[in-house]
Amino acid sequence: MSDAEGSEEEEERLDPAVLVSDFYAACKAGDLKQAKELQEYEVPPFYSDGNWTPLHWACRHGMVEVVEKLLEDGAHRPYLDAVEESLRPPPAPVVKVSSDEEEDPAP
């Protein structure tokens, strides 16, 4: 087996979850070429450093094609879910109704 064949097989076995931090770094650095290449591996779009996600960084750097793909992949869903959750009215309080009359104990 040649080196070229070995590297092709290795690329096919790459786990997208392993590439998440590389994708995040590419978006943060504004590296459009690298980000687009990594998106071909269907990298999960939800990685965060605690503040910004790849979607934030891609928007910041004007990486329109990357942003479009991230939106297609649902990168915005956690934010929409959080907004929808915050807009839901609180559940009605549970009120225990008691009778004025005490029940007679069984004889």
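Taking the Cβ of THR53 as the center, what net charge do the other residues with Cβ under 13 Å away carry, scoring Lys and Arg +1 and Asp and Glu -1?
Every neighbour counted, the sum reads +1.
Could you pull out every one of the lysines with an alpha carbon less than 23 Å from that of LYS36, ignoring same-chain neighbours closer than 8 positions?
In chain and number order, the partners are LYS28, LYS69.
Could you pull the accessible area for ARG60 with a 1.4 Å probe, rounded to 10 Å²?
Answer for ARG60: close to 150 Å² accessible.
The values are calculated or read from the model by the stated rules, or taken from the named source; none is laboratory data. Small disclaimer: the values here were computed from a predicted structure and weren't measured. As a convention, Cβ positions derive from the backbone with ideal geometry for all residues, glycine included, and neighbour counts pool all protein chains shown. Accessible surface areas use protein heavy atoms only, side chains included; no ligands, DNA or RNA. Shrake-Rupley method; radii C 1.70, N 1.55, O 1.52, S 1.80 Å.
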